[in-house]
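Novice: Structure incoming, see below.
The values are calculated or read from the model by the stated rules, or taken from the named source; none is laboratory data. Bear in mind the structure is a predicted one, so any value in this text is a computation, not a measurement. Neighbour counts run over all protein chains shown; Cβ positions are idealised from the backbone, glycine included. With ligands, DNA and RNA removed, areas are computed over all heavy atoms of the protein, side chains included. Shrake-Rupley method; radii C 1.70, N 1.55, O 1.52, S 1.80 Å.
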Amino acid sequence: KDGARRAGAAAETYYAAPAEVVVDLENIAEDATTASDSQVANLRAWLETISKGLSEQWLKMGEVRAALGRAYGELDLFENAVRHYQAVLDDEKAKYPLKAVEQLCNLQARWAVQKAQDNSSEAGKLIADARKKLDLIIRAMGATSERFSLLGSIAKREAIIAKDRKSKKVALKQ
């Protein structure tokens, strides 16, 4: 009973191990990539049920937090996704793949576009932070086509939220 209630048909049962939660979260993320609007609503509800039922102990596990981040991200719930990925990074003892940090950068940039409608300074901070993290990864671990693609995506989103033509050009030249 330290884990979470299992979502879906057997709501009265519990997850016995964090790996079971991770599998369900990965399934939600995969299903989200091809889901219709009504299916997305159901997946979001399922994700919320899982998330709310997790124990503090399991929320301290990098694998669980990274899986939560991925599931929220695939459902375009960027604020929650970023919060979970950031929690993984903030935990000194968490184990997580480098892909989780790359995903965090991507989701921060995507969230920035949403945030720009309400708060352009916050959106700019999200973009800058995403670029900084990705630059650090590239310097420490080397450049890959995926990382260059993420840099391009960040630049594109920075141009989208830029207020004037000059700022858009600067963003796209980076």
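Novice: For helix 37-53, what angle does its Cα long axis make with the longest principal axis of the chain, in degrees from 0 to 90 and rounded to 10?
Specialist: Computed tilt is about 70 degrees.
Novice: Which distance in Å, rounded to a whole number, links the C-alpha centroids of the stretch 120-147 and the stretch 22-42?
Specialist: For the stretch 120-147 versus the stretch 22-42, the Cα centre distance is 27 Å.
Novice: Can you tell me the dipole magnitude for the chain around its Cα centre, using point charges on the Cβ only (Lys, Arg +1; Asp, Glu -1), in Debye to the nearest 20?
Specialist: That gives the chain a dipole magnitude of about 1040 debye.
Novice: Tell me which of Ala45, Ala112, Leu68 sits at the most positive position along the dipole axis of the chain, charges placed on C-beta atoms (Lys, Arg +1; Asp, Glu -1).
Specialist: Sorting the options by dipole projection puts first Ala112.
Novice: Something else: When the convex hull of the C-alpha atoms of the chain is computed, what volume per residue in Å³ does it have?
Specialist: 125
Novice: Roughly what angle does helix 145-161 make with the longest principal axis of the chain, taking Cα atoms, 0 to 90 degrees, to the nearest 10?
Specialist: Taking the Cα atoms of the chain, the angle to 145-161 is about 70 degrees.
Novice: What percentages make up the Cα-Cα pair-distance distribution of the stretch 84-146 when the bins are 5 Å wide from 0?
Specialist: Bins of 5 Å from zero give 4, 18, 25, 23, 17, 9, 4, 0 percent of pairs.
Novice: Sticking with this one: Could you list, in their original order, any pairs among Lys125/Lys163; Lys52/Lys93; Lys60/Lys99; Lys93/Lys115 whose Cα atoms are separated by more than 25 Å?
Specialist: Lys93/Lys115
Novice: Counting only heavy atoms of protein chains, what accessible area per residue, in Å², does the chain have with a probe of 1.4 Å?
Specialist: Heavy-atom accessible area per residue stands at 56 Å².
Novice: I would also like to ask the following. Taking amide hydrogens as modeled 1.01 Å from N in the peptide plane, which residues meet the under 5 Å criterion relative to Tyr14, leaving out close sequence neighbours?
Specialist: It is Arg6, by chain and number.
Novice: For the chain, what % of the accessible area comes from carbon and sulfur atoms, probe 1.4 Å? Kindly include the intermediate steps, with their values, before the conclusion.
Specialist: Details: 4940 of 9780 Å².
C and S fraction of accessible area: 51 percent.
Novice: Continuing with this model, one more query. What angle do you read, to the nearest 10 degrees and between 0 and 90, between the alpha-carbon axis of helix 62-74 and the longest principal axis of the chain?
Specialist: With both axes taken from Cα atoms, the answer is about 70 degrees.
Novice: Let me ask something additional. What would the Debye equation give as log₁₀ I(q)/I(0) for the stretch 34-96 at q = 0.22, 0.28 Å⁻¹, counting only Cα atoms as equal point scatterers?
Specialist: So the normalised log intensities work out to -0.85, -1.19.
Novice: Between Ala94 and residues 5 or more places away or on another chain, which pairs have amide H atoms under 5 Å apart, with H built 1.01 Å from N, and which residues are they?
Specialist: Those qualifying (amide H under 5 Å, at least 5 residues apart or on another chain) number zero.
Novice: Related question: Given a 1.4 Å probe and the protein chains all in place, what does the accessible area of Leu126 round to, in Å² to the nearest 10?
Specialist: Per-residue accessible area (Leu126): approximately 10 Å².
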